[in-house]
Structures are given as C-alpha cells and as structure tokens.
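Worksheet for the structure shown next.
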Amino acid sequence: MKLHRLLLAPSLGTILIFMALPIAITTLYSVLTPAQYGGVIWEPSSEAYIRLLFERDIFDDTLTFNTDYLQILGRSVLQAGVATLLCLFIGLPTAWFIATRPAGQKSLWLMLVTVPYWVNLLVRTIALLLILRDEGPINRALHAIGLTDGPLPLAYNNFAIGLGLVSSFLPFMILPLYAAIERFDFSLLEAAYDLHANRRQAFFEVVLPILRPGLIAGGLLVFIPGIGSYLAPDILGGGKTLMLGNLIGMQFQGSRNWPFGAALSTILMAVTLIALFIIARRAAREDA
C-alpha cells in the first residue's frame with residue numbers, strides 16, 4: 001500500500017499544484033474586491049457575480065438586468081457547438097477511412113492528420129487569415145474564374161471564427177474516433193447485414209453505440225476548449241465578435257477587473273466539470 005501511494009505521489013502532486021491550486025485561487029479571487037489598477041483587495045464581495053446579470057447605476061446603485069454577458073456566453077456556446085458538429089462530420093469519415101486502411105498505411109495517414117498541428121496555433125491562425133482575407137488566394141481564384149466580381153467577406157466575421165475553431169481542434173475529434181473504430185469488431189457489421197439490416201440500421205444500431213465513447217471524448221475535446229477560444233475570435237474575427245475567452249482576457253488586461261475575469265473563469269470551469277460529471281455518471285450507468 002505504501003508503494004502504491006509513493007507511485008501515485010508525483011501525479012497527485014501535479015494535479016494539486018497545476019490544477020486544484022489554480023482553480024482554488026481563481027475561485028477565491030472571484031469573491032474579492034477589484035483593485036483600481038489590477039489585482040484584488042482582500043475584502044469579500046459578490047459584485048463580480050452580480051455584474052454577470054445586472055448593471056449597477058453609478059448614481060443610485062440600482063440594478064438593471066443586463067443580457068450583454070449572457071449573449072457573449074450564448075455566442076461562445078453556439079460557435080463551439082457548431083464547430084463540434086462540423087468536426088464530427090469531417091472527423092468521423094476521416095477516422096473511419098484511416099482505421100480501415102492496411103496496417104502499414106495507418107501510421108502514414110495519422111501523421112498526415114497531425115503534421116500541420118506541429119506548427120504553433122498562432123502561426124496557423126494567422127496563416128488561415130491570410131488565406132481568407134480579401135486579397136487571399138481563395139478570393140483571387142474565385143475572381144480569376146469569373147465566379148465573383150469582388151472579394152467575398154470571408155474574414156473578420158463569424159464564418160472565419162467557426163472555420164478557425166474547426167481548423168484548430170479537428171485532430172481532437174479524429175484521434176479518439178480513430179481509436180474507437182480501430183477496436184471495432186467488423187464481424188458485428190457483417191452479422192447485421194446477414195440479418196437483413198440496411199446501412200442506416202447497421203450504423204445506428206451496431207456501429208454508433210460502440211463508437212459512443214470516442215464520440216463523447218472527441219466532442220468534449222473540441223467543445224470545451226472551443227468555448228474558451230481566444231485566438232480565433234481575436235485574429236480571425238478581427239476583435240469585432242467577443243467570445244468568452246476574449247472577455248476573460250480583457251478583464252485581466254485592459255479592464256483590470258481581476259475578480260470579474262476570475263468569476264467568468266470559475267463559471268466556465270463549473271459548467272465544464274458539471275458536464276463531465278453528468279457524462280461520467282451516464283457512462284457508468286450504461287456499463288452497469
């Protein structure tokens with residue numbers, strides 16, 4: 001037993017120092033008073049959480065319901081959800097194709113999927129902006145073949161942000177799906193066809209339940225970082241469309257309101273942990 005504890009000590013220490021401690025500090029800062037030029041004053045305050053839903057009048061301190069931050073949260077969830085679905089539509093057939101290749105080809109195809117992501121995310125995001133801009137190769141090609149009279153607005157909008165999210169997180173969907181498909185017993189699919197199941201029935205009744213863990217893992221790996229994405233809205237959106245990650249960054253940089261930024265971060269972490277807990281409970285019930 002002592003040996004087991006010693007072996008677990010490094011991993012537990014890492015979790016405590018680099019995960020539990022930052023979460024505790026962030027949560028603590030969210031209930032403190034903001035200092036004038038950044039930082040916090042060690043006086044308890046719930047103002048950061050009140051500000052999420054209400055705007056305080058500077059003259060008489062009355063509260064007015066304000067939906068601005070809820071709209072940013074909703075926009076973040078929508079963008080991350082759409083990006084997750086697009087990654088699924090692209091990632092599932094890609095992962096199926098790779099998993100069904102001969103053994104000697106799988107490593108090559110996986111490398112082709114992951115090689116672009118060896119480049120820094122900032123560099124890839126800027127490169128995508130150069131492709132989408134008015135003078136980029138896409139607009140030039142469309143104009144050259146006569147499909148457009150002028151440049152299409154591909155950059156600095158929600159379309160560019162969504163494309164950036166898909167480009168950033170697509171491998172996080174492909175790899176878990178590939179792992180699930182590679183373990184799939186294809187004799188079950190043959191048995192379904194022998195029992196006169198069509199392709200739709202075979203997919204939804206046989207394939208999909210077995211691939212569910214990979215789908216859930218891939219969805220979480222895309223959706224959770226997608227909500228808090230910072231680079232895609234800032235660079236591809238041109239700073240015109242705020243998402244939750246940008247709003248949090250603004251509070252710690254320009255606005256110098258650390259408790260409000262910490263409150264936003266705490267809410268994001270809480271939503272993430274609740275979602276993970278619900279999914280884990282459902283998975284445990286299905287395995288029981």
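Yes or no: Phe223 surrounded by 19 or more Cβ atoms within 10 Å (Cβ to Cβ) and assigned to a helix (DSSP H, G or I)? Yes: the conditions hold for Phe223. Of the numbered criteria (1) modelled with pLDDT under 90; (2) in contact with a Leu (Cβ under 8 Å, 6 or more places away or on another chain), the one Tyr178 fails is (1).
Is it true that Phe260 is in a helix (DSSP H, G or I), touching a strand residue (DSSP E or B) at 6+ places or on another chain (Cβ under 8 Å) and modelled with pLDDT of 90 or more? Yes. Is there a residue in segment 265-275 that is modelled with pLDDT of 90 or more, on the phi < 0 side of the Ramachandran plot and of a type outside the set (A, V, I, L, M)? Checked against the condition, which is being modelled with pLDDT of 90 or more, on the phi < 0 side of the Ramachandran plot and of a type outside the set (A, V, I, L, M), segment 265-275 yields at least one hit. For segment 177-213, a residue qualifies if it is of a type in the set (Phe, Trp, Tyr) and either exposed (fewer than 13 other Cβ atoms within 10 Å of the Cβ) or in a helix (DSSP H, G or I) (or both), and the qualifying residues are Tyr178, Phe186, Tyr193, Phe203, Phe204. Gly218 meets each of the listed conditions (1) more than 16 Å from Pro93 (Cα to Cα); (2) not in a loop (DSSP other than H, G, I, E, B) apart from (1).
Condition check ((1) over 30 Å from Arg183 (Cα atoms); (2) among the basic types (Lys, Arg); (3) in contact with a strand residue (DSSP E or B) (Cβ under 8 Å, 6 or more places away or on another chain)) across all residues:
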residue	(1), (2), (3)
Arg5	yes, yes, no
Pro10	yes, no, no
Ile17	yes, no, no
Ala20	yes, no, no
Glu43	yes, no, yes
Glu55	yes, no, yes
Thr67	yes, no, no
Ala99	no, no, no
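Taken as a whole, segment 46-54 holds no residue that is exposed (fewer than 12 other Cβ atoms within 10 Å of the Cβ) and charged (D, E, K, R). Might you let me know whether segment 25-45 holds any residue that is within 20 Å of Leu242 (Cβ to Cβ), of a type outside the set (A, V, I, L, M), in contact with an Asp or Glu (Cβ under 9 Å, 6 or more places away or on another chain) and part of a loop (DSSP other than H, G, I, E, B)? Checked segment 25-45: no residue is within 20 Å of Leu242 (Cβ to Cβ), of a type outside the set (A, V, I, L, M), in contact with an Asp or Glu (Cβ under 9 Å, 6 or more places away or on another chain) and part of a loop (DSSP other than H, G, I, E, B).
Candidates are the residues of segment 11-43 that are in contact with a Ser or Thr (Cβ under 7 Å, 6 or more places away or on another chain) and of a type in the set (S, T, N, Q); the one that is farthest from Arg256 (Cα to Cα) is Thr27. If the condition is being more than 23 Å from Phe223 (Cα to Cα) and either aromatic (Phe, Trp, Tyr) or surrounded by fewer than 16 Cβ atoms within 10 Å (Cβ to Cβ) (or both), then segment 88-111 contributes Phe97, Thr100, Arg101, Pro102, Ala103, Gly104, Gln105, Lys106, Ser107, Leu108, Trp109, Met111. Ala232 meets the conditions (1) farther than 19 Å from Tyr178 by Cα; (2) surrounded by fewer than 18 Cβ atoms within 10 Å (Cβ to Cβ) in every case but one. The failed one is (2).
Check Ile274 against each of (1) surrounded by fewer than 17 Cβ atoms within 10 Å (Cβ to Cβ); (2) over 30 Å from Thr125 (Cβ atoms) and name the one condition it does not meet. The failed condition is (2).
Among the criteria (1) assigned to a helix (DSSP H, G or I); (2) within 30 Å of Ile131 (Cβ to Cβ); (3) not aliphatic (A, V, I, L, M), the one Lys240 does not fulfil is (1). Within segment 137-174, the set of residues being in contact with a Leu (Cβ under 8 Å, 6 or more places away or on another chain), free of Cβ contacts under 8 Å to residues at least 40 places away in the same chain and in a helix (DSSP H, G or I) comprises Ile138, Asn139, Leu142.
The values are calculated or read from the model by the stated rules, or taken from the named source; none is laboratory data. Keep in mind that what you see is a predicted model, and the values were worked out from it rather than measured. FYI the Cβ positions are ideal-geometry reconstructions off the backbone, even for glycines, and counts take in every protein chain you see.
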